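**Q** Sharing a structure here in structure tokens format.
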Protein chains: 4
Amino acid sequence: MAYNLLKGKKGIIFGALDSNSIAWKVAEQAYEEGAVFTLSNTPTALRFGQLDELAAKCNAEIIAADATNVADLSNVFEKSMEVLGGKVDFVLHSIGMSLNVRKKRVYNDLDYNFLNKTLDISAISFHKMLQVAFKMDAINSWGSVVALSYIAAQRTLYGYNDMADAKSLLESIARSFGYIYGRERKIRVNTISQSPTMTTAGSGVKGMGGLMDFTERMSPLGNASSEECANYCITLFSDLSKKVTMQNLYHDGGFSNMGMSLRAMKMYNKSLGEDLDIE
Amino acid sequence: MAYNLLKGKKGIIFGALDSNSIAWKVAEQAYEEGAVFTLSNTPTALRFGQLDELAAKCNAEIIAADATNVADLSNVFEKSMEVLGGKVDFVLHSIGMSLNVRKKRVYNDLDYNFLNKTLDISAISFHKMLQVAFKMDAINSWGSVVALSYIAAQRTLYGYNDMADAKSLLESIARSFGYIYGRERKIRVNTISQSPTMTTAGSGVKGMGGLMDFTERMSPLGNASSEECANYCITLFSDLSKKVTMQNLYHDGGFSNMGMSLRAMKMYNKSLGEDLDIE
Amino acid sequence: MAYNLLKGKKGIIFGALDSNSIAWKVAEQAYEEGAVFTLSNTPTALRFGQLDELAAKCNAEIIAADATNVADLSNVFEKSMEVLGGKVDFVLHSIGMSLNVRKKRVYNDLDYNFLNKTLDISAISFHKMLQVAFKMDAINSWGSVVALSYIAAQRTLYGYNDMADAKSLLESIARSFGYIYGRERKIRVNTISQSPTMTTAGSGVKGMGGLMDFTERMSPLGNASSEECANYCITLFSDLSKKVTMQNLYHDGGFSNMGMSLRAMKMYNKSLGEDLDIE
Amino acid sequence: MAYNLLKGKKGIIFGALDSNSIAWKVAEQAYEEGAVFTLSNTPTALRFGQLDELAAKCNAEIIAADATNVADLSNVFEKSMEVLGGKVDFVLHSIGMSLNVRKKRVYNDLDYNFLNKTLDISAISFHKMLQVAFKMDAINSWGSVVALSYIAAQRTLYGYNDMADAKSLLESIARSFGYIYGRERKIRVNTISQSPTMTTAGSGVKGMGGLMDFTERMSPLGNASSEECANYCITLFSDLSKKVTMQNLYHDGGFSNMGMSLRAMKMYNKSLGEDLDIE
């Protein structure tokens, strides 16, 4: 079901780890749609993930980089332009990590060094990426940059911790830099706010199962999968969405605009010991 | 605990029915805060409610009116200015009704005459009220108009039916007319988006119990009561909020910005047959 | 630059009048992308517009209908299924009209019969369309319904009058019915909030030139054209956005998330008689 | 015009510098409304500002603190409880600073050490304040915490630079910590999004004059002054807004919900050399 939507387009995809990653799916779809691109992730991720497999499949070069490191990022854009033969047309930022979450520091007992790392890795890296590319003039006019976000940026979810704040910052950076990129280069910058997704990272989160059951029942179309998210990314990288910029776009089966669904209410009511007849 | 916040202020309160009504509580608080006002509701509501009791308590005159009828509304403002001795300083609109809900016409099988009535009673009545008062120049500069709304205007809740659309329309009218009232008269117009509340009207809604349990557990401060809503109204009628206009203000214990709380998740998980340890 | 994104898809496009219409451009693009569809507009529009030309070009049948008339709408869906050989996959609603605007009744002097017409034509018609199609089971699973909206639904613009309220109502209907369509049929319903566009309807609005200059300078990518809007519609009708529903999607060059741009500020400052050096 | 709204309440006010500061006005109003409180600012601010004058007037003790320093913040809460004789009921955070702005590093050429400082001073300081107070159990039940924000958190304004991102982060922290404070302590946390205000800090911003003229004409009630902002703060510290939490509340004369006003459009049109007759 390929449409050649990205035929002739060049890109960089940050953050693929294994076949559960959304970035992995984006790479697969982008490849099918005719794009050429490079892949980047941290040296650690390259060691523990299966990026080689993806690279082989997509005929893509891997460029290791710590996305919080400006020199590394410069290298990614430089090498990518070399390898791909020119400026890029799209960039995906799918990067996030919280040491506070990992080390079980709750939100009212944050370690501030960890918080700085959370923000640097999950949000400021996006600014660095955009600033490096801007200075190098590495993105073509009418190019498209997308970062993956989550509704925790707008609404508090138990346990999402300082990642909520990081996603708010990420979305703000998309708007702030989106203005400049739009004005100066005719390039768009958006975030996709994706359903909770069982990636290798996400699967470690406690209580993820219950939350995903809830969002599945709350969302009229159910949770969005990572394949579906990749499809949606493709439309944003394509030439068909040229005037969409500075937006946070919900790709969540409708969850974001639901207050209470029949299905979730029925399940909730079961827990109340009532089998309410709310047809 | 009176502060004289509304000392010397005159007002009109639409929509009190009985002591469960938010408008009833607003009247009681406004009276305690030193305001004088008239009360208005439909002839039917006057027959079935206990408005006489409230009127006596607050030393307020009752003026019957169908709020969808421009002549009736003109009469309310005219009589009120007569009785109160001049223009008014605040107006409360707490009016809403859906025949589709009452007659159990679901949203995908609406009766369009009923829908027109829902919109006319629950939203357009607010425009009529504002237009009548504007033409009569019936509200003092730096006066304040408030209408009661609900989060269904932003997010779909099972069973709220065409009232959701009515509330969206109501909030839009508050913005549209708020602009003109602000520009021409220095008068503010806002809506309060209140927690689900067990009023006499609300108590008839099927499944209301489960929903209120859910919102209670989702809201970090719990559902807001009608007394608390009345308190909040007072701040908006007072001189301390003079530059707040065209806003929809959530008075809901935090519900509107929650994605998932620990307490609601625990309850939900019970229904999954899992007693998840998500401390 | 066709991708076959809508190959094999059937649709109905409401609201094309002449080559300035967004719906006209959507029809052209949908045709290029491989879709078959019918066109519908009012008998008056058919008389004064150039729909025959479009129909010939796209090999599409025209079915006259007053979109506020349930019987007419039933006929459109019935005939369309006949002509196209089955259920449809996409529907575009591009319909709006205000007699208050036309007859120069300002927002604080609305004619309420005109207001009812504005709401019926511009918003409730969307509910009728969705209800008729729902009852006839006329849309395929994973189909997509789009209505065109405008940012006046969220923010007040001088002169947009009761169309602002109509667009709020329209967007609310998209959410409310989007929930049911999602849950019951796996069909998505969204609105696109498009830049101000010089359609034949829009060109009559007083002060439209100044507003479009302002939004052009405020939007980092400039105003979105109707061709670009049509492109974006195609992505929403395609299979690549299956989990996007109940959303209002800004297609506006970034305007919606701008507070003040350098270019608009410079122009504004000129009017202040200051050539402020705000580099 | 005092109402005793804060009679018996204790508080801490961070960020007053001189009589142009919003925090200064809040202190004056809180004093008039019967509150007792301490004042805090950095040693540098204490040296260059006129806080002694305010302290004398309000009978308040000054406690110097770098709000990015956890030990300093602990000291502020400890000393305040000592001085005031118990836990506090309200806290104001009115702190913000960007070295990138000061040093004229534009948003596409940020210094990342400066950015870290911007975020630490303007946003993370709020988390530190809340975490310190949480651990010390320094705020009474039904207490109220307010931080001052700006619409740049939602919409990009030319020249606001990395302060926009800081305000987004600040508002996210208010939500995230507001959930925990609400759930555990029945304490509310909100932000006020205030009109652009000519404080001593603000007055240095280039192009501030033109922007304030624009927002004045766009806002139906005009820009909100710092006195008016202080009044609004008082309502949020009072017992009348107990169930308002996790909100960002616009105090801006209606600006946030305006798309285009007649007055701003007329001024803008002048710059186009057209004196458009858009009555």
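**Q** Can you list the copy-to-copy distances for C:N20, using a point 7 angstrom from Cα toward Cβ, in nanometres, shortest first?
**A** When each copy's label point is compared with this one, the spacings are 4.9, 5.5, 5.6 nm.
**Q** Another question, if that's okay. Helix-derived [θ] at 222 nm for the protein assembly as shown: sum -39500 (n - 2.57) over DSSP H runs of at least 4, divide by residue count, nearest 500?
**A** That comes out to -13000 deg cm²/dmol.
**Q** State in Å² the accessible area per residue of chain C; use a 1.4 Å probe, count heavy atoms of protein chains only, and round to the nearest integer.
**A** 33 Å²
**Q** For the range D:87-97, in order, what is each residue's ³J(HN,Hα) by Karplus, 6.51 cos²θ - 1.76 cosθ + 1.60 with θ = phi - 60°, in whole Hz (x at glycine and Pro)?
**A** So the J values, rounded to whole Hz, are 4, 9, 10, 8, 9, 10, 10, 10, 9, x, 6.
**Q** Quick check: net charge around B:F77, other residues with Cβ under 15 Å of its Cβ, Lys/Arg +1 and Asp/Glu -1?
**A** Summing Lys and Arg as +1 and Asp and Glu as -1 gives -1.
**Q** Let me ask you something else. In this model, which of C:K87/C:K242; D:K10/D:K57; A:K128/D:K104; A:K87/C:K243 are farther than 20 Å apart at the alpha-carbon?
**A** Checking Cα-Cα distances, A:K87/C:K243 exceed 20 Å.
**Q** Okay, moving on. Using a 1.4 Å probe over the heavy atoms of the protein chains, calculate the carbon and sulfur portion of the accessible area of the range C:135-279 as a whole percent.
**A** 49 percent
**Q** While we're looking at this one, here's another question. Which distance in Å, rounded to a whole number, links the C-alpha centroids of the range A:132-153 and the range D:90-105?
**A** 26 Å
**Q** Step through the residues of the range A:156-166 one at a time and calculate ³J(HN,Hα) from phi using the Karplus curve (6.51 cos²θ - 1.76 cosθ + 1.60, θ = phi - 60°), rounding each to whole Hz and writing x for Gly and Pro.
**A** Working through the residues one at a time gives 6, 10, 3, x, 6, 6, 6, 5, 4, 5, 5 Hz.
**Q** Let me ask something else. Restricting to Cα pairs below 8 Å that are 6+ residues apart, what does the relative contact order work out to for the range A:133-180? Please round to a whole percent.
**A** After rounding, I find 30 percent.
**Q** Relative contact order of chain B: what whole-number percent is it, with Cα pairs under 8 angstrom and at least 6 residues apart?
**A** Here the relative contact order equals 18 percent.
**Q** With r defined as the distance between the Cβ atoms of B:D109 and B:E78 and R0 fixed at 30 Å, what FRET efficiency is calculated, to the nearest 0.05?
**A** Computed FRET efficiency for B:D109 and B:E78 comes out at 0.10.
**Q** Here's a follow-up. Along Cα→Cβ at 7 Å, what distances in nm separate the A:K57 label point from those on the other copies, shortest first?
**A** Computed spacing set for this position: 4.2, 6.8, 6.8 nm.
**Q** Sticking with this structure for a sec: Going by a 1.4 Å probe on protein heavy atoms, which residues of the range D:100-115 end up with at least 50 Å² less accessible surface in the whole assembly than in their chain alone?
**A** Checking the loss per residue gives D:Y107, D:N108, D:Y112.
**Q** What angle, in degrees between 0 and 90 and rounded to the nearest 10, separates the Cα long axis of helix D:262-271 from the longest principal axis of the Cα atoms of chain D?
**A** That helix lies at roughly 50 degrees to the long axis.
**Q** C:E228: net charge of surrounding residues, Cβ under 14 Å, Lys/Arg +1, Asp/Glu -1, itself excluded?
**A** Combined, the nearby Lys, Arg, Asp and Glu give 0.
**Q** Work out the mean other chain Cβ neighbour count within 10 Å for the residues of A:35-48 and drop it here as an integer.
**A** Numbers: counts 0, 0, 0, 0, 0, 0, 0, 0, 0, 0, 0, 0, 0, 0.
Shielding by partners across A:35-48 averages 0.
**Q** Given H placed on each backbone N at 1.01 Å, which residues far from B:A147 in sequence or on other chains put an amide H within less than 5 Å of it?
**A** Answer set, sorted by chain and number: B:H93, B:N190, B:T191, B:I192.
**Q** Cβ neighbours within 10 Å, averaged per peptide: list D:262-272, B:257-267, B:184-194 in order, most packed at the top.
**A** So the peptides D:262-272, B:257-267, B:184-194, ranked by packing, come out B:184-194, B:257-267, D:262-272.
**Q** So which residues in the range B:149-184 end up with at least 50 square angstrom less accessible surface once the other protein chains are there, compared with the chain by itself, probe 1.4 angstrom?
**A** SASA drop of 50 Å² or more in the range B:149-184: B:R155, B:T156, B:Y158, B:D165, B:L169, B:R175, B:S176, B:Y179, B:R183.
**Q** If you take every DSSP beta bridge whose two residues both sit in the protein assembly as shown, what share of them, in percent to the nearest 5, is antiparallel?
**A** DSSP beta bridges in the protein assembly as shown are roughly 0 percent antiparallel.
**Q** Per-residue mean of other chain beta-carbon atoms within 10 angstrom of the beta-carbon, peptide B:222-230?
**A** Across the residues of B:222-230, the mean count of other-chain Cβ atoms within 10 Å is 2.
**Q** Relative to the longest principal Cα axis of chain C, at what angle does helix C:226-237 sit, 0 to 90 degrees, rounded to 10?
**A** Between the helix axis and the principal axis of chain C, the angle is about 50 degrees.
**Q** Still on this model: Give the cross-link partners of D:K270 among the lysines, using a straight C-alpha distance below 22 Å as the criterion and excluding same-chain residues fewer than 8 apart.
**A** Qualifying lysines at Cα under 22 Å: C:K206, C:K266, C:K270.
**Q** Give me a comma-separated list of calculated 3J(HN,Hα) values for the range D:110-120, in order, Karplus coefficients 6.51, -1.76, 1.60 applied at θ = phi - 60°, integers in Hz, x for any Gly or Pro.
**A** Whole-Hz 3J(HN,Hα) from phi for the range D:110-120: 5, 8, 6, 5, 4, 4, 4, 5, 3, 5, 5.
**Q** For the interface of chains C and B, what total accessible area is buried with a 1.4 Å probe, rounded to the nearest 100 Å²?
**A** Details: alone 13690 and 13700 Å², together 24530 Å².
Interface between C and B: roughly 2900 Å².
**Q** While we're on this one: Enter the angle in degrees (range 0 to 90, nearest 10) between the Cα long axis of helix D:70-84 and the first principal axis of the Cα atoms of chain D, meaning the one along which they spread out most.
**A** 70 degrees
**Q** Moving on. Work through the residues other than D:G178 whose Cβ is under 13 Å from its Cβ and net out their charges, Lys, Arg +1 and Asp, Glu -1.
**A** Net charge in that neighbourhood comes out at +3.
**Q** Shifting gears a bit: Quick one: label points 7 angstrom along Cα→Cβ at C:K79, distances to the other copies in nm, smallest first?
**A** Those label-point separations list as 5.3, 6.2, 8.1 nm.
**Q** If you rotate chain B onto chain A, whose Cβ in B ends up lying nearest the axis, and how many Å away is it?
**A** Value returned for chain B: B:S271, 2.
**Q** Take the alpha carbon gyration tensor of the protein assembly as shown, find the square roots of its eigenvalues, order them as a ≥ b ≥ c, and report rounded if a/c is under 1.5; if not, report prolate when a/b exceeds b/c, else oblate.
**A** Rounded, because the longest to shortest axis ratio a/c is under 1.5.
**Q** Which of the peptides B:159-168, C:26-35 is most tightly packed, and how do the rest follow, going by the mean number of other Cβ atoms within 10 Å of each residue?
**A** B:159-168, C:26-35
The values are calculated or read from the model by the stated rules, or taken from the named source; none is laboratory data. The shown structure was predicted, so the numbers you read here are calculated from the model rather than taken from an experiment. Please note: Cβ atoms are built from the backbone with ideal geometry, for glycine as well, and neighbour counts cover all protein chains shown. Protein only, heavy atoms only, side chains kept; ligands, DNA and RNA dropped before computing areas. Shrake-Rupley method; radii C 1.70, N 1.55, O 1.52, S 1.80 Å.
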